[in-house]
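The values are calculated or read from the model by the stated rules, or taken from the named source; none is laboratory data. Quick caveat, the model's predicted, so the values are computed rather than measured. Neighbour counts run over all protein chains shown; Cβ positions are idealised from the backbone, glycine included. Surface areas here come from the heavy atoms of the whole protein model, side chains and all, with no ligands, DNA or RNA. Shrake-Rupley method; radii C 1.70, N 1.55, O 1.52, S 1.80 Å.
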Amino acid sequence: LSAGQTLLFNLFTTIIRYADRSNLIKSINLTDICGIVLIDEIDSHLHIDLQFEVLPRLIKLFPKVQFIITSHSPLFLLGMEDEFGPDGVQILELPSGRRISAERFGEFLRSLDYHRQTKAFQDDLQRRLLQTGKPLVLTEGDTDVSYIKSALELLGHADLLGHLEIEEVGASGKDGSKGSGKSHLDSARKFLEHKRTQFPRPVLLLYDCETNKSPEDIGHIMVRSIPQ
């Protein structure tokens with residue numbers, strides 16, 4: 001079993017074991033088991049399918065048990081509302097104690113925002129990859145672009161600027177740089193590896209020296225870190 005499956009198995013067999021101690025006859029039928037179950041952070045180590053589908057169904061097997069649960073997972077809450085209906089589950093926002101719907105859950109809104117940011121990042125990366133056939137150099141930030149271009153000119157390699165596109169992985173604006181840094185270069189690499197056949201354009205992912213990235217060549221994708 002996976003860690004999540006093992007967790008759920010142990011959790012719900014523990015409820016049955018406690019019911020056995022109380023009344024062995026009643027514990028034979030899950031619908032007869034009564035009690036209150038408190039669980040902290042029930043979504044820990046659970047895969048998305050376990051959170052959204054399996055866990056609410058397991059809870060529904062115990063109709064006479066009141067479950068009091070804490071969770072950070074918007075998918076679990078959406079699964080509970082889907083299984084029990086909006087009136088069959090009560091969601092309280094802490095520490096205010098205010099009753100909310102699953103879609104008003106703060107973690108849900110943050111997850112949705114992260115998803116939008118990720119999609120926007122991938123759309124922007126895809127747009128840039130399709131713009132031109134020149135090799136693309138992606139750096140961690142906008143200052144790297146300025147330094148590299150200045151260095152090429154000062155060291156007598158300005159001709160390379162006409163054969164390359166050098167850009168930061170994110171985008172700079174009046175509010176600063178967004179989508180930049182090592183983690184977004186890592187995300188760009190994953191995106192490119194999964195879509196290699198769609199984007200034949202050579203791409204160099206150029207990391208700062210402190211990342212200590214080992215040189216790699218994955219088809220037309222190259223990974224390097226700037227030497228100290």
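Quick look at the values:
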quantity	calculated
Among residues of the range 76-88, those that are surrounded by fewer than 21 Cβ atoms within 10 Å (Cβ to Cβ) and in contact with a Leu (Cβ under 7 Å, 6 or more places away or on another chain), counted	0
Among (1) open to solvent by 100 Å² or more (accessible area, probe 1.4 Å); (2) within 24 Å of Glu81 (Cβ to Cβ) - the single one Arg21 does not satisfy	(2)
Residue check, Glu210 touching a residue at least 12 places away in the same chain (Cβ under 8 Å), surrounded by fewer than 13 Cβ atoms within 10 Å (Cβ to Cβ) and among the charged types (D, E, K, R)	no
Failed criterion for Ser73 (all others in (1) modelled with pLDDT of 85 or more; (2) surrounded by 12 or more Cβ atoms within 10 Å (Cβ to Cβ) hold)	(1)
Which numbered condition Ile59 fails, given (1) within 26 Å of Pro95 (Cβ to Cβ); (2) open to solvent by less than 40 Å² (accessible area, probe 1.4 Å); (3) at pLDDT below 90; (4) not aromatic (Phe, Trp, Tyr)	(3)
Number of the exception - Gly106 against (1) modelled with pLDDT of 85 or more; (2) open to solvent by less than 30 Å² (accessible area, probe 1.4 Å); (3) more than 13 Å from Ile42 (Cα to Cα)	(1)
Single residue of Leu92, Leu24, Leu58 found to be in contact (Cβ under 8 Å) with a residue 24 or more places away in the chain, hydrophobic (A, V, I, L, M, F, W, C) and out of contact with any His (no Cβ under 6 Å at 6 or more places or on another chain)	Leu58
Every pair of residues 6+ apart whose Cβ atoms lie under 6 Å, when the first sits in the range 191-204 and is under 18 Å from Glu140 (Cα atoms) while the second is in a loop (DSSP other than H, G, I, E, B) and open to solvent by less than 60 Å² (accessible area, probe 1.4 Å)	Pro202/Pro135; Pro202/His220
Unique match (being modelled with pLDDT under 90, under 17 Å from Glu140 (Cβ atoms) and part of a loop (DSSP other than H, G, I, E, B)) among Ser187, Ser172, Ser214	Ser214
Failed criterion for Asp113 (all others in (1) part of a strand (DSSP E or B); (2) at pLDDT below 85 hold)	(1)
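Residues checked against (1) in a strand (DSSP E or B); (2) in contact (Cβ under 8 Å) with a residue 12 or more places away in the chain; (3) surrounded by 11 or more Cβ atoms within 10 Å (Cβ to Cβ):
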site	(1), (2), (3)
Gly133	no, yes, no
Val137	yes, yes, yes
Thr143	no, no, yes
Lys149	no, yes, yes
Leu152	no, no, yes
Gly156	no, no, no
Leu160	no, no, yes
Ile166	yes, yes, yes
